[in-house]
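One structure is given here, and the rest of the page talks about it.
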Amino acid sequence: MNRISRSVTRIERWNQPLDPGMSAAIVEEILGMDPFAAMDESRFSSQIPLLGILANDCRIVEFEPGDLLMRQGDYGGSVFLVLEGQVNATLQKLPAELLGRQIPRKKKWLEVLKQAWNGSAPPERRELHGPVTTQANGRQVGHEGQTFVQDIPQVFEGLTSRAIHPGQLFGEVSALTRSPRTATVLARTSGRLLEMRWQGFRDLMDRAPELRESINRAYREHSLFSHLAETTILQHLTPSELQAVAAATEFHSFGKLQWTGEFRSMIQADVAERILREPVIVQQGDYVNGLILIQSGFARVTRREGVGEQTIEYIGKGRHFGLREIAHNFRTKESRPWNLTLRATGYTDTLMIPTPIVEQFVLPRLPPELAPALFQTKERTPIGSASSRRAEQRSNGLSTKLLENLVEHRLVNGTQAMVIDLNRCTRCDDCVRACATAHDNNPRFVRQGIVFDNLMFASACMQCVDPVCMIGCPTGAIARDEATGVITINEQTCIGCKTCANSCPYNNIQMVAVSDQRGVALIDQTTQLPILQATKCDLCIDQRSGPACQKACPHDALIRIDLSTPVELNEWMNG
Amino acid sequence: MLRTATIPRTQIRDRRWRLLLVAASSALFIAIAMRILDDNLYRSTFVSGYVLATAVFFLASFNIVKRLNFLSFLGTASIWMQLHIYVGLLSGAIFGVHVGWKFPNGQFEGLLAFLFVSTFASGVYGLIISRLLPRKLAALRTQIIFEQIPVRRGSLVAKAEAVIDQIPNRNDTLKRFYINRVAAFLMLPRSLRFFVAPSARESRQLIDDLISMDRYLSTGDRESARQLMQIIREKDDLDYHWAIQSRLKYWLFVHLALTYSLLICGALHGVLVHAFGGGLR
């Protein structure tokens, strides 16, 4: 008799511990160490006790001199605490061959060919409780620790690095901000690390205020210098000048870290109101008090037009705002106010370098290739003039309406947004079929979405700069792939809690009822309800041919494009 | 971060001109080659027949290639589409050379020529509509997936009935108009004429009639009439989507059916020619 459903145990948060070998003795030993020894266990809930976090979200990693522990540019979901030995962190770029980057597993040719015959496969087949792959979880040390850098003294000889000693943390900035690792960490001596899943670390920070305090302090100290050093207009400064700039720099944060709810309520409001509700970073007409650097998130540049605001541009991480005004005032000895307004969209971290510091250190040393454009533009087109406005419009090439819609719908967050030119799309659905073929007969996007003019921004995961979907995941099932930056969902650890689907501001994550290999629906043994799992576009990460949707479009109507700057979209449309 | 290649619009235009030039040059080359063969007392139809058969098999393979999209070495569907178009145009010229620019008088050859010309014409028709109709769809207020149209139609009927149910029984002017005129428009499929040449005439007429009825309606009924007008516009958009998207989908079935018939008859033609044709010289 054919069965239509089968009862199974629902996956729970700690079903798959980070290391099944974490014994009670090891947990006891860690509990006696700093900073855990100082933590008050009564602050932790009974569902997520401190011991539970240590036993399930942590593991011990032993290292030898030369072991690569963290690699610059990778995305990672782990935080590391040095227990014994010494490791060194460097912000300098090391050769790729030295770091031995891992490439995500692609399907073998036979597996690729088999896809052609899966047209009648039952939907959403899963092999739950199978082997867990650490790669999909975005953990670092498990395999990276096996990368060994030879002749370690010689490697360190030419490097500017910082020693990290027992009791100190590393990797917390990128794990908590969902951004790439800024430093490479190598083992100097042999020793031991405690690796913590960021979900567990987040719970520790929630329950232990002293840890939270020290993390915030370290975050400011460590990330500031590296961020300034990476900024183009500051790269010509000497380390001592950079230190002086860093000492005077102010941090400001605008908006909420988890901005999905606010975005959903705001998108219902009138266009003019939406802009006005965004937090102001600098206001047109105010005194120019400093140079603004965007550290994370996005900001909208607007100009007052009648009683409303017109969007001129949007800027993201690494971009600066206000150098033109400061340079103009510095050169002409005038004191013109801000020419434009800068507003935070979503959650935006900024750094503000005060005007006198910019005038003292930055402007006198500005390289000629950066300086002339600033000054010459000023001489030819006075700020705020009609020709200056036209020049700004030309510079990004997109209409105000399109720019405003990209910002208001937060599409600027997408690094691989699916854009369909409706003037070319014949609605043949070849893209959907190709997607289904690449994903065991399950399409991972819907050919529908927000439409502006002739462009449709389809409901496919955009692989966001700031993936808010990852914030609440209790098991780390949704994580960035280390090598490609693609956000993937691990079927073996997704517990179907819907947190990511509810957090995605674009509704690009779908919950699906799963079945076993024969198509028998899986239901929870306890509740008798279907087992759900989150699904989304993974950019065909395991395919040899790249995103199937784009490759399958016969009319060049569909493209996966980076919207975090308007450059690519402009090139595609007007190029 | 994984990068995907973007092809700017200008490069697409350049590619089009390049391929057109290659197709035209190939046609010229084949015409000259045929002439040389004829001048040397060879039967050039054998050569042109083989070239044509190769071109037709290549064109037919596009449908298979689209399904094997995951094989990276096959390139993108867009490149194949361009090749399909220009090899298709070239095959028209080769066919002309092969049949000597006149329609064959034999029954089987006539059928074969009819199948080729029909397939070619359906391909050209598909090319034209795939360039023109998407713009018409893009200009509409709503965008909808073809398979969702029946569901959306149903929800519009439910919405309209909810509007009518709110009207008090003593004012039946709008209700009667709904039952006599609007209900049929919302519920029944549109005519074949609409499918062939969709127009907003019917919906505009209904809206005009609703506007002219305004003086018989109370303030509340006028609001209901306004809502009905909106529903009529939405229904008209849906029908327009249905008509245009059907055309974009169904022409391909005709093109494919003709292609497979052509392949079968073409293969038979090849066997017959080799059995009774007498060879290349």
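The residues on offer are A:GLY52, A:GLY100, and the sole one that is modelled with pLDDT under 85 and open to solvent by less than 40 Å² (accessible area, probe 1.4 Å) is A:GLY100.
List the helices (runs of 4 or more DSSP H) that sit entirely inside the stretch A:239-283 and contain at least 3 residues that are closer than 28 Å to A:GLY472 by Cα and open to solvent by 30 Å² or more (accessible area, probe 1.4 Å). Quick ask: steps written out before the conclusion?
Details: elements: A:239-248, A:260-266, A:271-277.
Passing ranges, in order: A:260-266.
Residues of the stretch A:298-317 that are within 30 Å of A:HIS227 (Cβ to Cβ) and at pLDDT below 85: A:LYS317 alone.
Of the residues A:ILE531, A:ILE523, A:ILE487, A:ILE495, which single one is touching a residue at least 24 places away in the same chain (Cβ under 8 Å), within 20 Å of the chain's Cα centre (by Cα) and at negative phi? Before you say what the answer is, go through the steps one by one.
Numbers: A:ILE531 fails: within 20 Å of the chain's Cα centre (by Cα); A:ILE523 fails: within 20 Å of the chain's Cα centre (by Cα); A:ILE495 fails: within 20 Å of the chain's Cα centre (by Cα).
Within the list A:ILE531, A:ILE523, A:ILE487, A:ILE495, the selection yields A:ILE487.
Would you tally the residues in the stretch A:473-484 being on the phi > 0 side of the Ramachandran plot and surrounded by fewer than 23 Cβ atoms within 10 Å (Cβ to Cβ)? Spell out how you get there, then give the answer.
Let us first name the residues in the stretch A:473-484 that are on the phi > 0 side of the Ramachandran plot, namely A:476.
After this cut, where a residue has to be surrounded by fewer than 23 Cβ atoms within 10 Å (Cβ to Cβ) as well, the list is none.
Adding up the residues that qualify gives 0.
Residues in the stretch A:415-472 that are at the interface with another protein chain (Cβ under 9 Å from one of its Cβ atoms), within 24 Å of the chain's Cα centre (by Cα), under 21 Å from A:GLU568 (Cα atoms) and open to solvent by 20 Å² or more (accessible area, probe 1.4 Å): A:GLY449 alone. Is at least one residue of the stretch B:245-254 among the hydroxyl-bearing types (Ser, Thr, Tyr), part of a helix (DSSP H, G or I) and within 14 Å of chain A (Cβ to nearest Cβ)? Looking for residues that are among the hydroxyl-bearing types (Ser, Thr, Tyr), part of a helix (DSSP H, G or I) and within 14 Å of chain A (Cβ to nearest Cβ), one finds at least one in the stretch B:245-254, hence yes. A:ALA552 fulfils the conditions (1) open to solvent by 20 Å² or more (accessible area, probe 1.4 Å); (2) within 29 Å of the chain's Cα centre (by Cα) except for a single criterion, (1). Among the residues of the stretch A:515-555, those that are away from chain B (no Cβ under 14 Å), part of a loop (DSSP other than H, G, I, E, B) and not aliphatic (A, V, I, L, M) comprise A:ASP516, A:GLN517, A:ARG518, A:GLY519, A:GLN525, A:THR526, A:THR527, A:GLN528, A:LYS536.
The residues in the stretch A:487-497 that are in a loop (DSSP other than H, G, I, E, B) and either at pLDDT below 90 or open to solvent by 20 Å² or more (accessible area, probe 1.4 Å) (or both) can be counted, and the count is 7. Of the residues that sit in the stretch B:54-73 and are assigned to a helix (DSSP H, G or I) and open to solvent by 40 Å² or more (accessible area, probe 1.4 Å), which one is farthest from the other protein chains (Cβ to nearest Cβ)? That would be B:THR54. Restricting to the stretch A:340-366, name every residue that is within 25 Å of the chain's Cα centre (by Cα) and of a type in the set (S, T, N, Q). Answer for the stretch A:340-366, where residues must be within 25 Å of the chain's Cα centre (by Cα) and of a type in the set (S, T, N, Q): A:THR345, A:THR348, A:THR350.
Filtering the stretch B:164-183 down to residues that are part of a helix (DSSP H, G or I) and free of Cβ contacts under 8 Å to residues at least 40 places away in the same chain, which residue is nearest to B:ASP221 (Cα to Cα)?
Going residue by residue through the stretch B:164-183, those that are part of a helix (DSSP H, G or I) are B:164-165, B:173-183.
With free of Cβ contacts under 8 Å to residues at least 40 places away in the same chain added as a condition, the list becomes B:165, B:175-177, B:179-181, B:183.
Values: B:ASP165: 11, B:LYS175: 10, B:ARG176: 13, B:PHE177: 12, B:ILE179: 15, B:ASN180: 17, B:ARG181: 17, B:ALA183: 17 Å.
Per the criteria, the residue is B:LYS175.
Hey, any hits in the stretch B:113-124 for a residue that's surrounded by 15 or more Cβ atoms within 10 Å (Cβ to Cβ), assigned to a helix (DSSP H, G or I), within 14 Å of chain A (Cβ to nearest Cβ) and not polar (S, T, N, Q)? Yes: one or more hits. What residue, among those in the stretch B:130-146 that are more than 8 Å from chain A (Cβ to nearest Cβ) and in a helix (DSSP H, G or I), is surrounded by the fewest Cβ atoms within 10 Å (Cβ to Cβ)? So the residue we want is B:LEU132.
So, in the stretch B:236-256, exactly how many residues are over 14 Å from the mean Cα position of the chain (by Cα) and open to solvent by 40 Å² or more (accessible area, probe 1.4 Å)?
Restricting attention to the stretch B:236-256, the residues satisfying the condition of being over 14 Å from the mean Cα position of the chain (by Cα) are B:236-240.
So of that shortlist, the ones also open to solvent by 40 Å² or more (accessible area, probe 1.4 Å) come out as B:240.
The total comes to 1.
In the stretch A:18-32, what residues are in contact (Cβ under 8 Å) with a residue 60 or more places away in the chain and part of a loop (DSSP other than H, G, I, E, B)?
Within the stretch A:18-32, the subset in contact (Cβ under 8 Å) with a residue 60 or more places away in the chain is A:18, A:30.
Across the stretch A:18-32, the qualifying residue is only A:LEU18.
Restricting B:LEU83, B:LEU133 to residues that are within 27 Å of B:SER246 (Cα to Cα), among the aliphatic types (A, V, I, L, M) and touching a helix residue (DSSP H, G or I) at 6+ places or on another chain (Cβ under 6 Å) narrows the list to B:LEU133.
Quick check on the stretch A:1-58: of everything there that is of a type in the set (Lys, Arg) and in contact with a strand residue (DSSP E or B) (Cβ under 7 Å, 6 or more places away or on another chain), which residue is nearest to A:ILE215 (Cα to Cα)?
Out of the qualifying residues, it is A:ARG10.
Being open to solvent by less than 70 Å² (accessible area, probe 1.4 Å) and in contact with a Phe, Trp or Tyr (Cβ under 8 Å, 6 or more places away or on another chain) is the requirement here; does A:GLY200 meet it? Criteria not met by A:GLY200. Do we find that B:SER212 is among the hydroxyl-bearing types (Ser, Thr, Tyr), part of a helix (DSSP H, G or I) and at pLDDT below 95 in this structure? Here the answer is yes, as B:SER212 does meet what is asked. Screening A:ASN502 against (1) more than 14 Å from chain B (Cβ to nearest Cβ); (2) out of contact with any strand residue (DSSP E or B) (no Cβ under 9 Å at 6 or more places or on another chain); (3) open to solvent by less than 30 Å² (accessible area, probe 1.4 Å) leaves a single unmet condition, (3). Selection of the stretch A:311-357 for residues being open to solvent by 20 Å² or more (accessible area, probe 1.4 Å) and β-branched (Val, Ile, Thr) yields A:THR332, A:ILE357.
For the stretch A:473-492, residues that are farther than 15 Å from A:LYS536 by Cβ and away from every other protein chain (no Cβ under 14 Å) total 4. In the stretch B:1-49, the qualifying residues are those that are in a loop (DSSP other than H, G, I, E, B) and either at pLDDT 80 or above or more than 14 Å from chain A (Cβ to nearest Cβ) (or both), and the one that is nearest to the chain's Cα centre (by Cα) is B:ARG43.
Residues being touching a strand residue (DSSP E or B) at 6+ places or on another chain (Cβ under 9 Å) and open to solvent by 30 Å² or more (accessible area, probe 1.4 Å): count how many of those fall in the stretch A:358-367.
The qualifying residues number 1.
Every condition in (1) closer than 23 Å to A:MET470 by Cβ; (2) modelled with pLDDT of 80 or more; (3) touching a strand residue (DSSP E or B) at 6+ places or on another chain (Cβ under 6 Å) holds for A:VAL82 except the one numbered (1).
The values are calculated or read from the model by the stated rules, or taken from the named source; none is laboratory data. Please read these numbers as outputs of a predicted model, since none were measured by experiment. We place every Cβ from the backbone using ideal geometry, glycine too, and count neighbours over all the protein chains shown. Surface accessibility is based on the protein's heavy atoms, side chains included, excluding ligands, DNA and RNA. Shrake-Rupley method; radii C 1.70, N 1.55, O 1.52, S 1.80 Å.
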